[in-house]
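Reviewing the structure listed below.
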Amino acid sequence: METKRRHPYAFAIVLALCLVLATGCLGDLIRKPKVSIPGSSPGSSGSGGQPTGPSTPAGQRGLLKEAEEAQRGKRFEEALSKYEEFLRLSPQSDQADYALASAGLCQEHLGRKDQAITTYQTFQEKYPTSAFSKEVAYRLGPLLIQAGRPDQAVEAFNKLLAQTTKTEERQKVRIHLGRAHLARSDPAQALTFLLPTYVDAADDYTRFEADQGVQAALMATPTDELQTYPAKYGEDYPAGYVLLILAYRQYEMGNKGEAVALLDAFSEKFGTHLMTGQAQKARAAIDAGETPPPLKLGQDFWTAGAAPQPLKETPAGPATGPVEGPVAVPVGDYSSMNVAAILPLSENKWSDVGQLVLKGMKIAFKNHRPATKGFKSDLVVLDTKGNSDTAAKMVDDLSGRSDILAVVGPLLSAEAGKAAPKAQEKKIPMITVTQREGITQSGSNVFRLFLTPKAQAEAMARYAIGALGYGRLASLYPDDAYGRGMHGYFEKEVQRLGGRVVSSVAYKPDAKEFSEPIQKLAGVGKAARKVSAGRKVQVGFEAVFLPDGPSAVTMIAPQFPYHDIIKMKFLGSSLWHKPQLLSNTARYVQNCVVPTAFFPGVDRPEVKEFVELYRKEVNDPAAVPGQFEAYGYDAGRLLLFLMDQKHVSTRDQMVQELHKLGPFPGVTGRFQFDASGEYQVEPILITVEGEEFKPVGEK
């Protein structure tokens with residue numbers, strides 16, 4: 001019996017385009033009952049009916065592929081028609097759940113919300129255990145609210161909450177439940193979901209959204225009930241909002257004296273609240289006999305998927321009471337929040353690489369969508385021309401410019417070696433893109449954004465021992481600084497993990513003949529080419545670590561089967577990730593494992609967006625960025641994020657935020673910096689299948 005696989009284009013990817021939480025839903029699904037899409041033309045259904053038209057697995061896959069291509073091309077009417085046809089012809093397919101959910105999404109795009117609701121509800125009835133059930137629930141709930149059916153939305157999100165175990169996802173569902181209860185005019189019940197979510201928020205954006213929900217719920221609470229809340233919450237969250245709302249309501253009822261008393265109580269208890277500025281303006285307006293400025297709380301809570309717009313009222317004077325809620329931070333002067341790139345851009349053999357890093361940075365700055373109203377930052381570009389003295393002088397000069405908040409670069413080892421100490425001396429944050437050893441030891445102001453040889457070698461050791469279960473390994477490496485370093489890192493990590501490097505051989509970096517090193521490594525004699533076919537030599541190791549570039553690998557890898565060492569597992573370095581390896585050596589390195597800093601085929605929203613932006617920038621729909629463009633893009637995005645959303649406006653703040661940075665969702669992986677400023681990331685692992693690179697584990 002043929003084993004069926006899930007379709008390669010998962011519905012989770014499609015939904016991610018619609019700002020829905022992707023939950024990683026690929027996997028084997030339970031065989032499903034027959035189904036027909038609501039409102040579709042009658043097809044074969046019922047327990048004994050046979051589908052009409054093409055029914056072969058190949059025909060089914062072809063129809064789904066056509067539907068997906070139409071959907072990606074935003075031809076939703078065509079895509080919907082093909083999904084409907086698939087469901088009519090293949091009601092028992094194990095991909096019917098995928099097709100039905102995709103059809104609902106197309107209906108949404110076409111504005112047929114009622115039909116989409118019916119489709120999603122049918123999906124939930126037919127496929128309660130589907131791998132796509134979470135995505136469907138995320139789509140269904142907001143549609144029900146928009147359709148004026150909040151009770152059903154509550155039911156849908158309650159089911160979703162019961163299916164969800166991860167803390168971050170449960171918090172997002174609870175925010176949806178808060179929104180649904182608000183829609184059914186039950187703010188008290190909404191608060192039961194929103195308040196604990198705010199207190200225990202897993203990240204800043206979840207806390208922001210929960211806070212917006214609490215504001216909206218309090219604004220919807222009847223006055224007589226709201227008046228019981230000061231005693232209930234005391235000085236705890238969200239007491240500040242309660243006092244401010246009550247003050248406005250007292251003013252609206254003509255009780256100006258009580259309004260002033262409540263505003264004074266607010267200022268006394270919550271001197272650093274983000275609404276302090278609003279309270280002060282209201283108090284001044286009442287004293288002047290004018291109408292206070294409108295109280296706008298929780299309005300963003302109803303804009304699903306909108307980027308947060310932090311309020312920026314700046315507290316006046318020192319704190320006079322407990323801090324409650326998201327404290328407003330002075331944004332500062334945007335004209336002093338620029339970034340400088342110092343890279344080799346001309347008159348040097350590395351200028352092409354410098355241009356790639358710069359291209360990535362420019363894409364980040366060009367496409368940044370500000371979360372804070374009025375935010376802007378410019379990129380100042382300087383060409384070192386590969387001269388280390390010039391790079392150091394540029395850092396010195398930039399340190400005296402008040403508009404430069406941070407520096408990205410240099411790239412070359414010599415440049416970085418002179419520029420990094422200068423950055424530390426002048427206390428200007430620097431994110432350098434170099435593999436120079438020990439560069440971050442210059443001081444706390446210096447950070448590195450680069451996948452080092454050490455990180456690569458250690459990743460290979462961890463994968464060989466942890467994932468593959470190998471205990472006996474070999475190392476074949478060039479006898480130069482790079483090769484010896486990689487071998488040393490690899491061997492040390494293997495030993496730490498309880499394995500052994502049972503054989504290691506160094507060869508001359510310019511070698512053209514590798515028979516002797518391989519014979520020595522494997523403990524075999526010269527190849528006997530007259531032996532019978534199928535001869536296989538047994539060696540004492542399970543995999544070979546080979547940290548060298550494509551030119552050397554092209555000569556080395558074929559020597560293993562030549563010496564009857566069959567199907568050897570190779571562990572490479574990022575140098576392997578080059579097109580010439582595939583064109584010359586693919587057949588000899590099948591199923592190898594290679595660490596890389598960036599792979600455009602990784603199934604993550606950040607990577608997909610970057611690839612699309614890059615193709616748009618170079619005006620080539622088939623172009624793919626490389627690791628250096630990715631480094632530049634990540635450096636730019638990170639600094640923009642800290643200035644825009646973290647409101648970093650000084651160099652000292654920038655250094656502090658970089659050091660305490662949690663895992664940042666970069667296109668080179670989720671990275672952060674350790675105490676020394678070193679780039680910490682788990683390398684992306686790729687392999688060779690056929691004549692192409694693929695992520696390890698991808699089916």
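If the reach is capped at under 17 angstrom between alpha carbons, list the lysines near K362, excluding any in the same chain fewer than eight residues apart.
Candidates past the 8-residue exclusion: K376, K616.
Counting Lys and Arg as +1 and Asp and Glu as -1, what is the net charge of the other residues whose Cβ lies under 10 Å from the Cβ of A419?
0
Go ahead and run the numbers for FRET between K536 and E692, Cβ-Cβ distance against an R0 of 35 Å, rounding to 0.05.
0.80
Just report the Cα centroid separation between the range 344-403 and the range 175-217, whole Å.
Between the Cα centres of the range 344-403 and the range 175-217 lies a distance of 42 Å.
Please report T452, T118 as a ranked list, fewest other C-beta atoms within 10 angstrom at the top and most at the bottom. Kindly include the intermediate steps, with their values, before the conclusion.
On the way: T452 21, T118 16.
Sorted ascending by nearby Cβ count, the order is T118, T452.
Once phi is turned into θ = phi - 60°, what whole-Hz ³J(HN,Hα) does the Karplus curve with 6.51, -1.76 and 1.60 give for every residue of the range 119-132, x standing for Gly and Pro?
5, 5, 5, 4, 4, 5, 5, 7, 10, x, 10, 4, 5, 9
Identify all lysines with a Cα-Cα distance to K520 below 30 Å; exclude those on the same chain that are fewer than 8 residues away in sequence.
Once the sequence-local lysines are set aside, what remains near K520 is K454, K492, K508, K512, K530, K536, K567, K569, K578.
For the range 453-596, what does the relative contact order come out to in percent, with C-alpha contacts under 8 Å and a separation of six or more?
It comes to 26 percent, rounded to a whole number.
What are the lysines whose alpha-carbon lies under 20 Å from the alpha-carbon of K281, with same-chain residues fewer than 8 places away excluded?
K256, K269, K296, K312
Mind ordering 507-513, 129-135 by average Cβ neighbours within 10 Å, highest first?
Highest to lowest by the protection proxy: 129-135, 507-513.
In whole Hz, what ³J(HN,Hα) sequence does the range 374-380 give by Karplus (6.51, -1.76, 1.60; θ = phi - 60°), x for Gly and Pro?
Values, residue by residue: x, 5, 7, 8, 9, 9, 9 Hz.
List every residue whose amide H lies under 5 Å from the amide H of K569, counting only residues 5 or more places away in sequence or on a different chain, with H placed 1.01 Å from N in the peptide plane.
When sequence neighbours closer than 5 places are left aside, the close amide H contacts are V544.
What does the charge count near K492 come to, summing +1 for each Lys or Arg and -1 for each Asp or Glu among other residues with Cβ under 11 Å from its Cβ?
-1
FYI, it's all coordinate maths here, none of it is from the lab. Keep in mind that what you see is a predicted model, and the values were worked out from it rather than measured. Heads up, the Cβs are rebuilt from the backbone with ideal geometry, glycines too, and the neighbour counts pull from every protein chain shown.
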